[in-house]
Amino acid sequence: MLIFDNSYARLPDRFYTRMEPGRVAAPKLLRLNVPFARQLGLDPEWLASVEGVAMLAGAAMPEGAASIALVYAGHQFGHFSPQLGDGRALLVGEFTDPDGQRYDLHLKGSGRTPYSRGGDGRAAMGPVLREYVVSEAMAALGIPTTRTLAAVATGERVVREQILPGAVLARVAKSHIRVGTFEYFAARGDGEAVKALADYAIQRHDPAAANAAQPYRAFLDGVVARTADLIARWMAVGFIHGVMNTDNMSIAGETIDYGPCAFMDEYHPATVFSSIDHQGRYAYANQPRIAHWNMARLAQALAPLLGDDEDAAVASAQAAIDAFSGIFEDAYLARMRAKIGLATAQPDDASLIDGLLAAMANQKADFTLTFRHLAALLGDGPIPEGLEAWVPEWRKRLAAEGQVPSEIAARMDTVNPLYIPRNHLVEEALAAAEINGDLEPLDALLGAVTAPYAPQAHAARYAAPPLPHEIVEATFCGT
Ligand code: AMP
Ligand code: MG
């Protein structure tokens, strides 16, 4: 049994809509993330029981569940949508893990809500399993993210371009407050709600901010810092979120709403996977700029709380947003330095790293494997094509640090993953599950990407880039 305490449901009525459990044809557990359930202090046996699966499918709510759909707004591809919300999702409730951390249990694909607009409230099995694999891979890489507790088949058919099996994703997050949640109330001129939401967010995510001289500014600073750090972590593993709309940007600094996301194989800064991102707005290299822009939308929504008069508020908001680039650069450089084995910071590190990336782009080098190959090169191995000029410069820089090459290489292999959820492998696993009901490829892929650093026996194909005919050019929206 799960004991819920629903603090969000104690916020004013206009923050959400209460929902009755939906009807689900034939809920069947596809996968339960047992180690994660244990870590959360949840009982895997209960979760896998008829009662547990009914809850995970959104078909029955246990005593104490909140069962609410949250309202929010958001800038989608730069255009403001004044009302979005949980159109196919449900906040079941909040629980606390053994460390005292509060989490939301949230279902995606659980049916229509007042925020569904034209949608059917459903999710297809493919996108649900994609979120499962990618979110768990991100967690294993140490990147803040919502987690996947379970995937449940609904036994229903979902109509997209094709007819697909339906599923529900049970995810766990520090909260589901988005930049767009603040924007929703700010756009309606509901200052009281903006303040109530900010007070709630401070209490839940930035309790120290409550004691700061300017609590709302301290909260904004916290979100900016978390977001800048998060994006630096994405960049360091070649992750492309794909839909960085403000409604998909968590104020808890977690990666959220995995849709047409992917990890890059060949390095190119302009890489885009999302089939709906025609302008490349959310291309790999644009992500820091977009996150910065999203923070400006948050600052704008919070502005009335940031100063006694408009000038003071605008100046404070601006100062908070201006901090983004510095925090991002520092975090990014720290991660990239570690990726190439540097232990100290020097003024020309940024140009050394840019030089490597430029050479990688020229060679169409695999982003992930390049860093593993560099570690192997420390034993004076042959220099790969295109890096003839760069490697000696790098070796000179490393030599100046005077560390033992084998130790540097070992350290590099603890920050540079060998296994990422490569798109062609993800597609292969989803197809097997969707078409044949075969979850073995998914399990094998999960096994590789949830222990991403040390080589695993019989896992060579999970480390290998796609062959030319296996390359996936686009991923489709998770609807
Ligand atoms: P997303 O891009 O998946 O984060 O979704 C953007 C908005 O569309 C959110 O408000 C979702 O709740 C809503 N939405 C997406 N897919 C569906 C669907 N199948 N049915 C209803 N609403 C949806
Ligand atoms: Mg979303």
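The values are calculated or read from the model by the stated rules, or taken from the named source; none is laboratory data. What you are looking at is a predicted structure, and each value in this text was computed from that prediction instead of being measured. Every residue, glycine as well, gets a Cβ built from its backbone with ideal geometry; the counts of neighbours run over all protein chains shown. Calculation scope for accessible area: heavy atoms of the full protein, side chains included, ligands and nucleic acids excluded. Shrake-Rupley method; radii C 1.70, N 1.55, O 1.52, S 1.80 Å.
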task = Please compute the net charge surrounding residue 236, taking Lys and Arg as +1 and Asp and Glu as -1 over other residues with Cβ under 9 Å from its Cβ.
result = +3
task = Per residue of segment 447-453, in order, report the coupling 6.51 cos²θ - 1.76 cosθ + 1.60 (Karplus, θ = phi - 60°) as ³J(HN,Hα) in whole Hz, putting x for Gly and Pro.
result = x, 5, 7, 8, 9, x, 9
request  = Using the charge dipole of the chain (Lys, Arg: +1 at Cβ; Asp, Glu: -1 at Cβ; taken about the Cα centre), state which of 114, 243, 406 has its Cα farthest towards the positive end.
outcome  = 114
query = Taking a spot 7 Å from the Cα of residue 312 along the direction of its beta carbon, which residues of segment 191-230 have an amide N less than 12 Å from it?
reply = 214
message = Per residue of segment 74-82, what does 6.51 cos²θ - 1.76 cosθ + 1.60 with θ = phi - 60° give for ³J(HN,Hα)? Whole Hz please, x for Gly and Pro, Karplus curve as stated.
response = x, 8, 9, 6, x, 9, 7, 10, x
task = Compute the accessible area per residue over segment 206-292, keeping the other protein chains in place, probe 1.4 Å, unit Å².
result = 30
message = Checking the cross-link filter: which aspartates and glutamates have an alpha carbon closer than 19 Å to that of residue 108, excluding same-chain neighbours under 8 positions apart?
response = 20, 51, 86, 94, 120, 131, 136, 156, 247, 254, 257, 434
Solvent-accessible ranking of 24, 172, largest area first, probe 1.4 Å = 24, 172
query = How would you classify segment 167-296 from its alpha-carbon gyration tensor, with a ≥ b ≥ c the square roots of the eigenvalues: rounded for a/c under 1.5, else prolate if a/b is greater than b/c, otherwise oblate?
reply = prolate
ask   = Between 312, 338, 369, whose Cα lies farthest towards the positive end of the dipole of segment 297-370 when Lys and Arg beta carbons carry +1 and Asp and Glu beta carbons carry -1, centred on the Cα centre?
value = 369
key: For residue 66, residues with placed amide H under 5 Å, excluding near neighbours   = 93, 94
task = Could you name the lysines whose alpha carbon sits less than 21 Å from that of residue 396, not counting residues in the same chain fewer than 8 places away?
result = 339
ask   = Using 15 Å as the cut-off for backbone N distance, which residues of segment 412-447 belong to the label zone defined by a point 7 Å from the Cα of residue 39 along Cα→Cβ?
value = 446-447
ask   = For the chain, what class follows from the C-alpha gyration tensor (a ≥ b ≥ c being the square roots of its eigenvalues): rounded when a/c is under 1.5, otherwise prolate if a/b is larger than b/c, else oblate?
value = oblate
query = Taking 0.36 nm per intervening residue step and subtracting the Cα-Cα distance, what contour gain separates residue 440 from residue 458 on full extension?
reply = 5.0 nm
task = Select from 455, 441, 389 the residue farthest towards the positive end of the dipole of segment 334-478; place +1 on Cβ of Lys and Arg, -1 on Cβ of Asp and Glu, and compute about the Cα centre.
result = 389
query = For a label point 7 angstrom out from the Cα of residue 279 toward its Cβ, which stretches of segment 72-92 have the backbone nitrogen within less than 14 Å?
reply = 75-81
key: Computed helical MRE - 222 nm, the chain, DSSP H runs ≥ 4 contributing -39500 (n - 2.57), nearest 500   = -13000 deg cm²/dmol
key: Dipole moment magnitude, nearest 20 debye, the chain about Cα centre, only Lys, Arg, Asp, Glu C-beta charged   = 580
task = Report the local net charge at residue 14: Lys and Arg +1, Asp and Glu -1, summed over other residues whose C-beta lies under 11 Å from its C-beta.
result = -2
